[in-house]
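Asker: Right, I'll just put the structure down here and ask away after.
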Amino acid sequence: MRVEIVDPSEYAALGDLTVRAYQALPGHALSPEYAAVLADVAGRAREAEVLVVRDEDGALLGGVTYVADEGNRYAEFEGADAAAFRMLAVDPAAQGRGVGRAMVQACIDRARRDGKRRLTLMTTGSMDAAHHLYGRLGFRRTPESDMIVEDGLRLMAFELDLEEVADGDGGA
């Protein structure tokens with residue numbers, strides 16, 4: 001398994017994979033508006049680092065968007081000392097194989113590379129497997145940063161203090 005920057009030839013495939021992964025989540029129906037945002041990999045890649053995970057044969061297993069600048073339109077955080085990742089998606093057929101962990105670790109590594117002290121994310125209550133992963137990697141809930149989006153969906157905030165977690169350890 002390897003993590004790399006998405007190739008422009010894969011934008012449509014990653015967009016489709018991301019939409020399918022979010023549609024498979026229990027609890028909250030994916031709005032057409034947010035499905036369009038998830039599908040727009042080209043738009044994200046123009047403004048942030050979009051990473052993919054491939055298996056040994058090069059097959060696309062998942063993707064994530066890493067955001068290092070609080071002024072970026074994809075940023076859901078404040079402070080020059082922070083970075084975030086968004087739209088993490090694992091192909092439903094590849095779940096349970098460490099794909100999500102590989103992407104989160106790549107974002108942790110990038111945040112360290114960029115001199116950040118914190119890595120943040122927003123998630124929904126229905127993403128139980130992701131919550132467990134984030135906890136194992138050292139992320140803590142930061143409910144004071146939770147938000148409710150236009151359609152009433154509550155987004156739960158998590159944060160990793162990169163100074164508390166040993167380099168390469170991820171808190172595991």
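Read-outs throughout are calculated quantities, based only on the coordinates presented, and are distinct from any laboratory measurement. Note that the structure is predicted; figures quoted are calculated from it, not measured. With ideal geometry, Cβ positions are generated from the backbone for all residues, glycine too; neighbour counts draw on all protein chains shown.
Asker: Taking neighbour Cβ counts within 10 Å as the exposure measure, how do Ser145, Ser31, Ser9 sort from fewest upward?
Answerer: Fewest-to-most Cβ neighbours within 10 Å comes out as Ser9, Ser31, Ser145.
Asker: With a Förster radius of 22 Å, plug the Cβ-Cβ distance of Arg154 and Gln105 into 1/(1 + (r/R0)^6) and report the FRET value to the nearest 0.05.
Answerer: Numbers: r = 27 Å, r/R0 = 1.22.
Efficiency for this residue pair is about 0.25.
Asker: Same structure again: Report the gain in length on full extension from Ala80 to Ala29: 0.36 nm times residue separation, minus Cα-Cα distance, nm rounded to one decimal. Don't skip to the end; give the middle numbers.
Answerer: Values: separation 51, 0.36 × 51 = 18.36 nm, distance 3.35 nm.
The span from Ala80 to Ala29 would gain 15.0 nm if fully extended.
Asker: Neighbour counts of other C-beta atoms within 10 Å: give me Met127, Met1 arranged from fewest to most. Display every interim value, and only then the final one.
Answerer: Numbers: Met127 18, Met1 14.
Ordered from fewest to most neighbouring Cβ atoms within 10 Å, Met127, Met1 come out as Met1, Met127.
Asker: Kindly state, as a whole number, the per residue volume in cubic angstrom of the convex hull around the alpha carbon atoms of the range 2-161.
Answerer: On the way: hull volume 17.2 nm³, N = 160.
So the per-residue Cα hull volume is 108 Å³.
Asker: In the chain, if the dipole is taken from +1 on Lys/Arg beta carbons and -1 on Asp/Glu beta carbons about the Cα centre, which of Phe85, Leu155, Val99 is farthest to the positive end?
Answerer: Checked the options; the winner is Val99.
Asker: If you don't mind, there's one more thing I want to ask. Check which residues have an amide H placed less than 5 Å from Asp69's amide H, if you skip close sequence neighbours.
Answerer: none
Asker: Taking 0.36 nm per intervening residue step and subtracting the Cα-Cα distance, what contour gain separates Ala129 from Asp69 on full extension?
Answerer: On the way: separation 60, 0.36 × 60 = 21.60 nm, distance 2.74 nm.
Computed gain between Ala129 and Asp69 is 18.9 nm.
Asker: Then there's this: Could you work out the helix-only [θ] at 222 nm for the chain, with each DSSP H run of four or more residues adding -39,500 (n - 2.57) and the total divided by the number of residues, to the nearest 500 deg cm²/dmol? If you can, show how the numbers build up before the last one.
Answerer: Details: 5 runs with 52 residues, N = 172.
About -9000 deg cm²/dmol.
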